[in-house]
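This report concerns only the one structure given below.
The values are calculated or read from the model by the stated rules, or taken from the named source; none is laboratory data. Predicted model, so just to flag it, every value in this text is computed and none were measured. Using ideal geometry, Cβ is built from the backbone for each residue, glycine included, and neighbour counts are taken over all protein chains shown. Each accessible area value is taken on the protein alone, full model and side chains, heavy atoms only, with ligands, DNA and RNA left out. Shrake-Rupley method; radii C 1.70, N 1.55, O 1.52, S 1.80 Å.
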Amino acid sequence: MSHAIEAKQAHTFLLIASKKAHHESFHAFLKAVDIISLESRIDKSLSLKHFLVKTIISQQVSVKAAASIWSKVKNLLDHHPLGISIDLLRDQGLSKPKASYVLGIMQDTELEKLSIADLKKLSLGELSQSLLALKGVGPWTLGVVRMFYVQDTDVFLEGDLGINKALEHFFKSKKNIGKHYAPYRTYLCLYLWKSLSNETNK
């Protein structure tokens, strides 16, 4: 299936599911917004290590701050991969714990052996066990990896501040919302994030 067809199929499914679940506000938003492609959110230039580092940097900070720090860290990793240290990483704006996590990721030789194809072959349990064993990787980071690296279409990113804000806007209750939108919960999250910057939700 092409990415454009998948995006259209996911949008159609969300429209039907939202109407069936009587989520009128979200249904109206979906009808008004442009179709979102998961593929357009994928940065294929990043290795698994760099993707993990970028995701760890984005934990609990604003999008703008994360982008600024990532730019500095990426430049460091690209040009001085063998000379990184916790102190050097902290100089780029990372906290001491995050600097420690990033250094651990970069020094992990096992991660270098894993391709996207390898990750796609793993069961959810196997993938979770592999990644959650890494310091600095929790359920949120695992979910982001599944969404934007493995390209799993059915991830509901619980605990994400933006998702929770959008849920409060569209739904009377945040409980069990995701169950209505399987197997396209990744797309559900994409549209919920989109709603935060869309004029129909201002």
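Only one residue in Ser37, Ser71 is open to solvent by less than 60 Å² (accessible area, probe 1.4 Å) and of a type outside the set (Phe, Trp, Tyr). Which one? Reasoning before the result, please.
Details: Ser71 fails: open to solvent by less than 60 Å² (accessible area, probe 1.4 Å).
Just a single option satisfies the conditions, and that option is Ser37.
Select, from Asp154, Asp108, Asp160, the only residue that is modelled with pLDDT of 95 or more and surrounded by fewer than 19 Cβ atoms within 10 Å (Cβ to Cβ). Show your work before the answer.
Numbers: Asp108 fails: modelled with pLDDT of 95 or more; Asp160 fails: modelled with pLDDT of 95 or more.
One residue alone meets the criteria, Asp154.
When you go through Leu192, Leu157 one by one, which is the residue that is in a loop (DSSP other than H, G, I, E, B), in contact with a Phe, Trp or Tyr (Cβ under 9 Å, 6 or more places away or on another chain) and of a type outside the set (Asp, Glu)?
Numbers: Leu192 fails: in a loop (DSSP other than H, G, I, E, B).
Of Leu192, Leu157, the one residue that is in a loop (DSSP other than H, G, I, E, B), in contact with a Phe, Trp or Tyr (Cβ under 9 Å, 6 or more places away or on another chain) and of a type outside the set (Asp, Glu) is Leu157.
When you go through (1) in a loop (DSSP other than H, G, I, E, B); (2) within 16 Å of Val53 (Cα to Cα); (3) hydrophobic (A, V, I, L, M, F, W, C) one by one for Leu131, which number turns out not to apply?
Evaluating Leu131 over (1) in a loop (DSSP other than H, G, I, E, B); (2) within 16 Å of Val53 (Cα to Cα); (3) hydrophobic (A, V, I, L, M, F, W, C) leaves (1) as the failure.
When you go through (1) of a type outside the set (A, V, I, L, M, F, W, C); (2) buried (at least 18 other Cβ atoms within 10 Å of the Cβ); (3) over 10 Å from the mean Cα position of the chain (by Cα) one by one for Gly143, which number turns out not to apply?
Here Gly143 clears every test but (3).
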